[in-house]
Every structure is written in C-alpha cells, then in structure tokens.
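Colleague: Just passing along the structure, written as structure tokens.
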Amino acid sequence: MRVLGIETSCDETAAAVVTEQGDVLSDVVRSQVELHAPYGGVVPEVAARDHARVIVPVVREALRKADLTVDALDGIAVTTRPGLLGALLVGLSTAKGLAWASGKPLIGVDHLVGHLLAVFLKREGSEARMPAFPFVALLVSGGHTALYRVDGPSLDQIRELGATRDDAAGEAFDKVAKLLGLGYPGGPVVDRLAAQGDAARAVEALPKAMARRDSLEFSFSGLKTAVARHVAQRSVRPEGQALHDLCAAFQGAVVDTLVRKTVTAALREEVTRVVLGGGVAANRGLRARMTESCARRGVEVFIPSFASCTDNAAMIAYAGALRLAAGERDSLDLSPATRTSL
Ligand code: KG4
Ligand code: ZN
C-alpha cells in the first residue's frame, strides 16, 4: 500500500509517499522559516499564502521522487488538525482535489498522531529499532507538550497522561532565544550554544520547570520569565561564555523536567518502553539525558531520526496508511480544526 501524505499545519509545506510498513519512498519538506524569521514567530496569513504558492510543486516532487503517479497511489492522507486554519485549508483542499479527481480514498490525520507514530518510519540509513505497544510517548514540539500512553495506533488507543499548562517546550525554547537575540526558531541555536556552556555557572538564576513534582503536567512559563528577569537585570545581553552558560542552564532545566516526568509516567503505567516525538526531540541534551535516565531504570528508549522528529509529511502518510489498512477513510466534506482530537 502506497499513501501520499500532505502536511501544511504550520510553517512547513510537506509531501511524502510512505507504505503501511513505514518505508519512506519520498519525503519533501519546504520550510518557511526564513519568511517568518523577521517577525520572530509564525505569521498565520503569511504561512497560508506561502503554502498555497508551493503546495503543487511540493506534491509533484514527492511523487516524482517516489517514481509514482497519482493513479498508482492507494490513498491520500492529509493533516486536518491541530494547526493554523488557513494553513490547514491549503493542504486539505489540495488533498480533496487529488482524491476527487483520482477517485482515491481521502484520509484525515491528526498531526499529533503523526508525531507519535513517526518512530516507525524506516528511512534509508536510519536505525531499524521499533517499539512494541504499549509505550509511553513524550511529544514535545513548538505547539504541544504532553505525555501519552499509547496502546496502539488508533485514536481510541492513545490516552493523554498530562500536558503543559502554559507554553509548549519548543515555544519556551523559541521565546528564550528571542529574549537572548538568537533569532527564530530558537531550539536548534540554544541546543548548539548549550553544548558549550556550563549550567552550574548560571543555574542560580533559574527555577525548575515544573508544575507539581508528582504531577504529569508541565509548566515552562516561569522558567521563561526567570530568563527574562535575568536578562533585564543586566545592562547588556549575555554574550560569549555567559550566554552559553545561560543556554545550558535553561536547556538543563527543561530537559530535567521532561526526563523526570517521562520516567515517572513509564513507571506509573508499568510500561518498559518510552518513545519521543516532535521537534524538541531533536534536542541533543534531551536525547542523551532520556537515554541515560531510562537505561538506569531498565526502560528502553526509542527516538526517531532527526528528519522524523521535526514536521514532515512522511509521518502523516504513515498514520494515514494505518487508518486505510484498518478499513477507514473520510468523505470529501472533511473539515480542518485548530484543536487535536486526542
Ligand atoms: O514538531 P515541530 O517541527 O513543529 C511543531 O509541530 O510545532 O517543532 C518545532 C519546534 C520549534 O519550537 C523548535 O525551536 C524546536 O521544535 N526544536 C528544537 C530543536 N530543534 C527544533 N528545540 C530544542 N532543540 C532542538 N535541537
Ligand atoms: Zn509538529
């Protein structure tokens, strides 16, 4: 079974062809980062307009790279939620047009389900370790941060255990990077600078990033405010080693909470497997600490390749292929939504 996936929920225009076994036949991602960088965040109108401009060439390239025509596909999967409405509408309308013209089934996919299943994608050169169900998943992206118990791939087999009460982890990285004058998106830059810093030298300035210690909810806004206060107390922005140390302290506080709560969730749910997903799962500090901490407790960790962590259409195509294989499909009156169905 070969399914085309289309993803336009935020600031990446993406299309991919994937099989129901997770083999990635093509994966095209066109980022809008440069368009939004001057504004320090994603501007919804700008995002929708650019998706409309590039969606057809992106889909065409995904089909060409997979060496397929629309006629050879078994279905067309598309992100329907959550995301920016105008942005989602571009992908959804394109998918409907293709499905209508070709008579192929249309399958709507929740973007968060895509992230949760991205670990099953098989890319050339990537590790072939796959988790068995059930597992606890930590989804950390620019828009979402939550823990789930995943007993299987369908919506009724996924249960939220706790989510953030305020900012998402990626949003906290982006806001802190903006405060420090590091540009947008901030996660990758903070990650790089943190690797050269020493958290211990800056750590007294920052609180722990948590809601209650024993709860599985997160809270990152206090940490962001602490960084803002730390910066405001000084006449110049931290630079050089002081900047690296502050990045290390901030990232350390975020990672510490993410790791601690994920391990708590796994132990509480009595599962021995943990899966990461979402853009922040690309963070090297998080990958290392999660691996280390879980190993100490006999919990196995499964982390998608970098390309599968950040937004892509391969995860949407794969989640769609599983729905299609289970005999599900949607009608052409499918509509987008800003909130997740999880
Ligand atoms: O999953 P994603 O591509 O888009 C959403 O669905 O939100 O996640 C994007 C987020 C951004 O906030 C970005 O700063 C963050 O992921 N991110 C990182 C890293 N790479 C991307 N955060 C920390 N460390 C990274 N290496
Ligand atoms: Zn995402």
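The numbers here are math on the coordinates, done by the rules we state, and not lab data. Keep in mind that this is a model prediction, so the values were computed, not measured. Neighbour counts are summed over all protein chains in view; Cβ atoms, including those assigned to glycine, are modelled from backbone coordinates with ideal geometry.
Colleague: Arranged by the count of other C-beta atoms within 10 angstrom, fewest first, what order do Tyr39, Tyr184, Tyr148 take?
Modeller: Going from least to most buried by this count: Tyr39, Tyr184, Tyr148.
Colleague: A follow-up question, please. Quick one: which residues, 5 or more positions from Val109 or on another chain, have an amide H under 5 Å from its amide H? H modelled 1.01 Å from N in the peptide plane, none for Pro or chain starts.
Modeller: Val78, Thr79, Thr80, Arg81
Colleague: Identify all aspartates and glutamates with a Cα-Cα distance to Lys122 below 17 Å; exclude those on the same chain that are fewer than 8 residues away in sequence.
Modeller: Filter leaves Glu20, Asp23, Asp27, Asp311.
Colleague: Let me ask something else about it. Find how many whole Å separate the alpha carbon centroid of segment 197-269 from the alpha carbon centroid of segment 58-133.
Modeller: With segment 58-133 and segment 197-269 each reduced to a Cα centre, they are spaced 35 Å.
Colleague: Below 8 Å between Cα atoms, with a sequence gap of 6+, how large is the relative contact order for segment 135-304 in percent?
Modeller: Contact order relative to length: 28 percent.
Colleague: Taking only DSSP H segments of four or more residues, each worth -39500 (n - 2.57), what value at 222 nm results for the chain once the sum is divided by all its residues, to the nearest 500 deg cm²/dmol?
Modeller: Counting only the DSSP helices, I get -13000 deg cm²/dmol.
Colleague: Rank by packing, highest mean first: peptides 112-123, 234-245, with packing defined as the count of other Cβ atoms within 10 Å averaged across residues.
Modeller: Output ranking for 112-123, 234-245: 112-123, 234-245.
Colleague: Ordered by residue, what ³J(HN,Hα) values in Hz, to whole numbers, does segment 22-36 give under the Karplus form 6.51 cos²θ - 1.76 cosθ + 1.60, where θ = phi - 60° and Gly and Pro are x?
Modeller: Listing the rounded values in order: x, 6, 8, 7, 7, 7, 10, 10, 10, 8, 9, 3, 5, 5, 8 Hz.
Colleague: Under unit Cβ charges (Lys, Arg +1; Asp, Glu -1), what dipole magnitude, rounded to 20 debye, does segment 135-304 have relative to its Cα centre?
Modeller: 320 debye
Colleague: Out of the DSSP beta bridges found with both residues in segment 135-304, what percent are antiparallel (nearest 5)?
Modeller: The antiparallel fraction comes to roughly 60 percent.
Colleague: Tell me which of Val254, Leu243, Val299 sits at the most positive position along the dipole axis of the chain, charges placed on C-beta atoms (Lys, Arg +1; Asp, Glu -1).
Modeller: Leu243
Colleague: Here are some pairs, Lys104/Lys261; Lys65/Lys96; Lys178/Lys261; Lys96/Lys178; which of them have Cα atoms lying more than 32 Å apart in this structure?
Modeller: With Cα atoms farther than 32 Å apart: Lys104/Lys261; Lys96/Lys178.
Colleague: Most exposed first by the Cβ proxy, i.e. fewest other Cβ within 10 Å, how do Ser9, Ser219, Ser31 rank?
Modeller: Ranked by crowding around the Cβ, least crowded first: Ser31, Ser219, Ser9.
Colleague: Ok, one more. Which one of Thr338, Ala319, Val136 has its Cα pushed farthest toward the positive end of the charge dipole of the chain, where Lys and Arg give +1 and Asp and Glu give -1 at the Cβ?
Modeller: Highest projection toward the positive end goes to Val136.
Colleague: Hey, fewest Cβ within 10 Å first, where do Met315, Met130 land in order?
Modeller: Met130, Met315
Colleague: Treating only the Cβ atoms of Lys and Arg (+1) and Asp and Glu (-1) as charged, compute the dipole magnitude of the chain about its Cα centre; round to the nearest 20 debye.
Modeller: The calculation lands at about 680 debye.
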